[in-house]
1. Go through the stretch A:334-347 residue by residue and turn each phi into a ³J(HN,Hα) via Karplus (6.51, -1.76, 1.60, θ = phi - 60°); whole Hz please, and just put x for glycine and proline.
2. Roll a 1.4 Å probe over the protein heavy atoms and report the accessible area of residue A:181 in Å², nearest 10.
3. Total Å² of accessible surface buried at the A-B contact, 1.4 Å probe, nearest 100?
4. For A:418, A:185, what's the largest-to-smallest order of accessible area, 1.4 Å probe?
5. Under the definition of partner shielding as Cβ atoms of other protein chains within 10 Å of a residue Cβ, what is the mean value for peptide A:251-258?
6. Taking H placed 1.01 Å from N in the peptide plane, check which residues at least 5 places from residue B:9 or on another chain put their amide H under 5 Å from its amide H.
7. 5 Å is the cut-off here: which amide hydrogens, built 1.01 Å from N in the peptide plane, fall below it relative to residue A:180, excluding neighbours closer than 5 in sequence?
8. Give the carbon-plus-sulfur fraction of the accessible surface of the stretch A:253-331 in %, rounded to a whole number; probe 1.4 Å, heavy atoms of protein chains only.
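The values are calculated or read from the model by the stated rules, or taken from the named source; none is laboratory data. Everything quoted here is computed from the prediction, not taken from an experiment. Don't worry about glycine lacking a Cβ; one is built from the backbone with ideal geometry, like all the others, and counts go over all protein chains shown. What goes into the accessible areas is simple: the full protein's heavy atoms, side chains included, and nothing from ligands, DNA or RNA. Shrake-Rupley method; radii C 1.70, N 1.55, O 1.52, S 1.80 Å.
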Amino acid sequence: MIQRHAFPLQELQPDAPREVQLLSFIGQIFLQPFSLEDNLLALLTALTAGSGVGFNRAMLFLVEGRTLRGRWWLGPPTPEEACTIWEVLSTPGIGFVEIVDYNRALLERREGGLSHRVERLSYNLDEGRDTIPSLSARRREILHVRDADCEPLVDEGFRDVIGVREFLCIPLVSRDDVVGEIVVDNAFTGAPIEAPDIRLACLCGLIAGNYIYTSLLTKKMMDMEKLAALGEAGVFLLHQLRNPLTVIGGFADQLLDVKLSESKKRRNLTIIRKEIKRLERVIGKIGRLTRLNSGPVVSLDPKSMIEELLALPAIKVKGRGRHIRFECPPDLPDALGHRLDAAEAVRNVLDNALEAATWGGEVVIRCAGGPDRTVVISIADNGPGIAPGMRERLFEPFATSKKNGMGLGLAFVKRVMDIAGGRVEVESREGRGTEVRLMFRAGGKE
Amino acid sequence: MKTKPRILIVEDERSLCLLYREELEKEGYQVTTVLDAASALQALNTEPFDLIISDIRLPGANGLEFIRSVMERRKNVPVIINTAYESYMQDFSTWAADEYVVKSGSLDELKKKIRVLLEKSHVAA
């Protein structure tokens, strides 16, 4: 027999042990679609909320380079406010959205807020003389200070800010490094920090350390990927823009020569105009990719869409010398998509097929019902096929094997299909040809 | 009579071929333009050149392969790579081309480098 349980836990169980409550809370925080900052603040809430560890205040330091820098300090500034806040946070049914909103409001509050005080604190982790926060981070040890007034390792600046005698420093450690530190105290209740509190705080420190580490690593990787993509796109765009600009600049310079004949002046102006149009085409194509219709999808009749495309003079010119075959069953359902974008996507694929088929080649357009209530428009050519190196990059903007192509056609097709809730498939064999299948969701008449 | 230095330009954009030819002829060079690597190799087999200017991306062949085969055939002929891609510049030394000029609206840099390279090989316009 199999028992099924809902996942994730939605409600904290008030009678569950504190460790379970805390793990449940933290586990659910990380499932929320909030930023790293919001999630860390929520983690500080876990340390200070009644249902969590239950400290009064929690201070967070993050490591930047080799400096441990104070970032946020969560907790009420006065004992009166403490009562109100704990009451609010203990309200049954309070969710993560409310906690995040509440934390943000607390951070924005300058007057009486705590965070602006902790922002002043920073400690160099390479320094020879250690003070309590840097020592904890450097040694990767939890330090429990019972009497700050008598402890020479507590520097005056820190003592002034924290204003209590007893506190706990928890380094946030990941596998390779220390990424920050949390300092907690019981400023309002004055309750002593006991061994079970320390064990729970350790757990929070371990989880927070690894969470920060993996989040920063993920962000770094994403940035690197974005940068690489941007770099490739930039190189390609430079080429697309630099060639026409060289022609324009060169022929414009010649126009400055007073001895240039009238006929050459006219010729140069014609060339310059042609190159400006080429630049406009480049910019227009990029713009087209970013201005896709995001309105509602409509029912489109694939048969009439293809027939209209085949009737276009530009397609007729491109199709010269190629055998174009169009097959469409009479009882085909409509396809769901954006009228202009869908037609342009099909046209892009058709253009490619006609180019690939070359003189004497064949292009077959087939409309048919596909699996999972889809309508498939398939366009196949018997051209040379797509080179293996290009297949993985087909839908990437600016990836092209054509000398004068921009590599935006299939990127556009993919975006159109994604937005319409459909998909695109490509099958290609070198020397045998390529088939592109646009799979629209079916709708309307059947 | 002094013969004009002969320059071969390999460039697949017709407008650029026209521009380069006119501008370099004004400087006193004898210019031949071709649109692809195959025609360039053919030209090299039939005519002597004092300098070659070539784009990197050429139809029908990789521009780099073309430059390598030119080097093998004409070891003493200086080559200028003229391209819109700045990024290839990092590989410049490995190709053993003599100069690398990024395409620009002004041809001053290209003209200057042609002059310097021809002077080095004792050919002047």
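1. Working through the residues one at a time gives 6, 9, 9, x, 8, 3, 5, 5, 5, 4, 5, 5, 4, 5 Hz.
2. Here the accessible area works out near 0 Å².
3. Values: alone 24680 and 7050 Å², together 29940 Å².
Roughly 1800 Å².
4. A:418, A:185
5. On the way: counts 6, 1, 6, 4, 0, 0, 1, 0.
Partner Cβ neighbours, averaged per residue: 2.
6. Amide H neighbours of residue B:9: B:32, B:33, B:34, B:53.
7. A:63, A:172
8. Values: 3180 of 5440 Å².
Accessible surface attributable to carbon and sulfur in the stretch A:253-331 totals 58 percent.
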